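Inspection log for the structure reproduced underneath, given as structure tokens.
The values are calculated or read from the model by the stated rules, or taken from the named source; none is laboratory data. What you see is a predicted model; the values in this text were computed from it and never measured. When we count neighbours, we look across all protein chains shown, and the Cβ atoms used for this are built from the backbone with ideal geometry, even at glycine. Ligands, DNA and RNA are excluded from the accessible area calculation, which covers all protein heavy atoms including side chains. Shrake-Rupley method; radii C 1.70, N 1.55, O 1.52, S 1.80 Å.
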Amino acid sequence: MPEVLKAPLVVEFPFTRSLGPVQSAFLTGLRERVVLGVRAGDGRVLVPPVEYDPVTAEEIRDLVEVAPTGTVTTWAWNHAPRRGQPLGTPFAWVLVRLDGAGTALLHALDAPGPDAVRTGMRVRIRWAEERTGAITDIACFEPYDGAPGQPTGSDGEFEGEPVTGIVAPARLDYTYSPGRAQSDYIAALATRRTVGERCPSCRKVYVPPRGACPTCGVPTAEQVEVGPGGTVTTFCIVNIKARNLDIEVPYVYAHIALDGADLALHGRIGGIPYDQVRMGLRVEPVWTEGARYPDHYRPTGEPDADYDAYKELL
């Protein structure tokens, strides 16, 4: 049996959001070394603040400053920090209820080891040297055995421009394994063949295969070579250039039903002006040197397929 494949993958994008008046005040306050919460209808001070009461759903705007000291309510030790986390050495994730707050704030605690952390321990904020109006303005928490900290007396009004929006990088690192069926499919592509699998019950051929029939719910194992030619069933015209993709816009991505397949796969259409691509267009794969999958599909010159021949594959 061929080796089941796996590969490290990264999904990364900048997440941009605007801030309402409450979140704007909270992040602007962090920039000024002030922690603001908001008072809910039951009298609790919520930190971090929210714009709507979690009990009544009413809008709340009553900002309240809390102290930079607090108590750990629960914790978990992080023995192997990952990229982008608050500290580069092992630390504890903690929920801290700051003095004056009725809820807990999640952040990192700089401690020498898990034996030094406990529920109920007292901590204080360690501020970042450079602050921009983000949660990272709190560099971390650190153990503290002094008197409770005192609020600065801020009423939420600060010098300088308020923070009205943030850009936060979102990144997911993971290892993907396509499983037995798709590993076989990818291995066949390396020899410029497209192989699907037939359901033993409904007899449909799925490309790419998933290892089971989505209709009947039974395993598939019988391999069937399909194509190489196929029919465009539907398509879209792409007008936005993707980063790191050396293809000039506009271009066309289409669903292509390969001959012998009962499921359309998608691929780029080339060798024809984008505005001449159409449903029913007959296409064939174009391989580039050393590629493990077709670079694109081009017209074969055959007459267009009749609609009835592919209508069930739309």
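Assorted remarks:
- Scanning segment 269-277 for any residue that is surrounded by 15 or more Cβ atoms within 10 Å (Cβ to Cβ), assigned to a strand (DSSP E or B) and in contact with an Asp or Glu (Cβ under 9 Å, 6 or more places away or on another chain) turns up nothing.
- Any hit, segment 79-87, residues being polar (S, T, N, Q), under 30 Å from the mean Cα position of the chain (by Cα), under 24 Å from Glu159 (Cα atoms) and in a loop (DSSP other than H, G, I, E, B): no
- Counted residues, segment 97-118 - those being within 32 Å of the chain's Cα centre (by Cα) and either in a strand (DSSP E or B) or closer than 30 Å to Gly43 by Cβ (or both): 11
- Among residues of segment 122-133, those that are of a type in the set (Gly, Ala, Ser) and more than 23 Å from Trp75 (Cβ to Cβ), counted: 1
- Hits in segment 119-134 - residues which are closer than 23 Å to Val50 by Cα and either open to solvent by 30 Å² or more (accessible area, probe 1.4 Å) or assigned to a loop (DSSP other than H, G, I, E, B) (or both): Arg124, Trp127, Arg131, Thr132, Gly133, Ala134
- Complete set of residues in segment 221-245 that are over 31 Å from the mean Cα position of the chain (by Cα) and open to solvent by less than 50 Å² (accessible area, probe 1.4 Å): Val224, Val226, Gly227, Gly229, Gly230, Thr231
- Residue pairs whose Cβ atoms lie under 8 Å apart, sitting 6 or more positions apart in sequence or on different chains, and linking a residue in segment 136-161 that is crowded, with 16+ Cβ neighbours inside 10 Å and in a loop (DSSP other than H, G, I, E, B) to a partner that is at pLDDT below 90 and of a type in the set (Asp, Glu), do not occur here.
- Taking every residue in segment 70-89 that is under 29 Å from Leu36 (Cβ atoms) and pairing it with any residue that is surrounded by 10 or more Cβ atoms within 10 Å (Cβ to Cβ) and among the acidic types (Asp, Glu), at least 6 positions away or on another chain, the pairs with Cβ-Cβ distances below 9 Å are Gly70/Asp99; Thr71/Asp99; Pro86/Asp110; Leu87/Asp110.
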